[in-house]
Each structure stands twice: as C-alpha cells, then as structure tokens.
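> Just passing along the structure, written as structure tokens.
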Amino acid sequence: MQFVAEVGAASERSVAYVGGLAQLFWKSLRLLFLSPLKRSRLLQRAVHQAMAAGVGALPITSLITFFVGVIIALQGAYQLQHLGAIQLVASLVSISITRELGPLITAIVVIGRSGSAFAAEIATMRVTEELDALETMALDPVAFLVVPKFLAMAVMMPCLAVWSDFMGVLGGCVFGVVSGSFTFGSYVIATRDALVAHDITTGIVKALVFGLIITAVGCQEGFSTGAGAEEVGRSTTSAVVISILLVIVIDLVFTTLFYLARGTA
C-alpha cells in the first residue's frame with residue numbers, strides 16, 4: 001500500500017507541475033498583448049535573449065550535428081553496403097536528421113546552455129530579492145523576465161533546428177564524397193529526392209514546442225527556488241533534468257502522432 005501511495009503522490013506532483021508550466025505559459029501569452037511594458041522595451045529584451053540563446057548556440061550546435069551526420073552515414077554505410085544499397089545513405093541521413101535528430105540535438109544543446117541559464121538567472125534574483133524589488137516597482141516579473149524569453153525561443157529554436165538539419169546533411173555529404181560513393185551533386189540530388197516538405201515541417205514544429213518547454217521549465221524552476229545559494233544549484237540541475245525528460249516525452253508523442261497521421265493519410 002505504501003508503494004501505491006508513493007506512486008499516487010508522485011503522479012499528483014507531476015500533474016501539478018505540468019499545470020504550473022501551463023499556467024506560466026498562458027500568463028506569459030496574455031502579458032505579451034496586455035503587458036504594461038513598452039513594446040520597444042519588450043522587443044529589445046527579446047532580441048537580447050535571442051542573441052544569447054540562439055546565435056550563441058550556433059557554433060556548438062553546428063559542430064555536434066555535423067559530426068552526428070557523419071556518424072549516421074558511417075553506421076548506415078557499414079550495414080547498407082552488405083545489401084548493395086549504399087546509395088540509400090543519403091536518404092537515411094537526411095530523413096533521420098530532419099525528422100528526429102536535428103530538433104532533438106538542438107533542444108539538448110539549448111537546454112544545457114539556455115535552459116540552465118534561465119533557471120540560474122531567475123533563481124539568483126529570487127535569492128537576492130530582486131524579484132521582490134521588481135514587484136515593488138510595479139513590474140510583473142513574468143512580463144519583465146519570462147515573456148522576452150518565450151518570444152526569443154519561439155523564434156530561434158525553429159531557426160536553429162533548420163540550421164542543424166543543414167549541418168547534419170552536410171556531414172553525411174562529406175562522408176559520401178570522401179568515401180567515393182557519391183559526388184557532391186549526386187548526394188544533393190539523392191537528398192532532395194528523399195525529403196518531402198512534411199519531413200522538414202515536422203522538425204520545425206517539434207523545435208518550436210521544445211523551445212516553449214525549455215523556457216517554461218527553466219523559468220518555473222527559477223521562480224520556485226528556495227532561500228540560499230545551494231537552492232540556485234538545485235534549481236539549475238532540476239531545470240536541465242526535467243527539460244530533457246519532457247523534451248523526450250513530447251518528442252515521442254509528436255513522432256507517434258505524425259506516424260499515425262501519415263499512416264491514415
């Protein structure tokens with residue numbers, strides 16, 4: 001009975017946590033249109049967040065997805081050459097990167113860079129009572145801190161995902177050309193023939209939702225920080241772990257839905 005009670009309590013906490021994330025998102029969406037902050041100030045903060053979360057993540061995201069593209073091509077070629085189907089390497093790389101690995105790797109990189117930073121920033125402001133100071137100045141912390149982050153991530157995550165798709169496909173192309181199985185032109189043609197618009201839009205939709213989840217979790221963990229410097233570290237760690245978990249779960253849900261939609265089409 002104790003095990004059942006613990007499972008029930010954990011389930012209740014999980015549902016309450018997801019409800020808190022949804023509440024934070026809808027409040028941010030409402031404040032986006034009704035915030036007392038000037039639009040120019042809001043956009044300025046959003047651009048600053050976009051530069052930090054998006055542009056700053058380009059080098060590491062490019063490097064990782066490029067190598068992942070090479071790895072997929074290597075592993076695929078090793079198996080496909082036994083079947084005499086080495087020409088399918090381009091299709092394997094392009095579809096797996098655009099549908100799945102591009103958005104997922106992008107999300108994990110952004111979680112490590114920006115999700116943790118969001119949690120640490122707001123948690124530090126909570127500990128040093130800067131959030132109370134904002135409220136004293138009649139500034140809603142959600143409007144001042146969270147809304148620009150949502151805006152920045154909603155714009156930058158799809159852009160980063162598309163760039164990750166390009167770098168992953170480029171990595172596979174480099175392997176194909178170096179191994180002698182393809183020329184650059186034949187690899188591009190094989191990739192073009194393998195991909196359809198649905199493959200790319202699937203990754204973009206996933207990336208958009210991942211960005212909203214990462215922002216909501218990071219900010220929620222920051223706001224729920226307790227007193228003391230140790231709590232800042234706890235909030236940052238929780239933000240990273242919970243974000244990765246939710247991203248994987250949402251990725252599974254979206255992949256299943258898209259699969260079923262294609263199967264019934």
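The values are calculated or read from the model by the stated rules, or taken from the named source; none is laboratory data. Every value quoted in this text rests on a predicted model; they were computed, and no experiment measured them. No Cβ is skipped: glycine too gets one built from the backbone with ideal geometry, and neighbour counts run over all protein chains shown.
> Look through the range 100-130, keep the residues that are within 19 Å of Lys149 (Cα to Cα) and without any contact (Cβ under 8 Å) to a residue 60 or more places away in the chain, and return whichever of them is surrounded by the most Cβ atoms within 10 Å (Cβ to Cβ).
Among those that are within 19 Å of Lys149 (Cα to Cα) and without any contact (Cβ under 8 Å) to a residue 60 or more places away in the chain, it is Val109.
> If you don't mind, there's one more thing I want to ask. Pairs needed: first member in the range 72-99, in contact (Cβ under 8 Å) with a residue 40 or more places away in the chain; second member anywhere, basic (Lys, Arg); C-beta distance under 9 Å; at least 6 residues apart or different chains.
Going by the 9 Å Cβ cut-off, the qualifying pairs are Ser94/Arg192; Arg99/Lys206.
> Pairs under 9 Å by beta carbon, first residue more than 12 Å from Ser114 (Cβ to Cβ) in the range 38-61, partner surrounded by 16 or more Cβ atoms within 10 Å (Cβ to Cβ) and of a type in the set (S, T, N, Q), six or more apart or different chains?
Within 9 Å, the pairs are Leu42/Ser35.
> Give the range 28-60 a look and list any residue that's within 22 Å of Gln220 (Cα to Cα), within 21 Å of the chain's Cα centre (by Cα) and of a type outside the set (A, V, I, L, M, F, W, C), or say none.
Hits for the range 28-60 are Ser28, Arg45, His48, Gln49, Gly54.
> Sort out which residues of the range 221-237 are assigned to a helix (DSSP H, G or I), among the β-branched types (Val, Ile, Thr) and more than 21 Å from the chain's Cα centre (by Cα), and write them in order of number.
Answer for the range 221-237, where residues must be assigned to a helix (DSSP H, G or I), among the β-branched types (Val, Ile, Thr) and more than 21 Å from the chain's Cα centre (by Cα): just Val232.
> Same structure again: Here are Leu195, Leu208, Leu160, Leu170: which of them is surrounded by 15 or more Cβ atoms within 10 Å (Cβ to Cβ) and more than 18 Å from Thr61 (Cα to Cα)?
Result of the check over Leu195, Leu208, Leu160, Leu170: Leu195.
> Just to be sure before I move on: is Val110 closer than 22 Å to Thr236 by Cβ, in contact with a Leu (Cβ under 9 Å, 6 or more places away or on another chain) and at pLDDT 85 or above in the structure I sent?
In short, yes.
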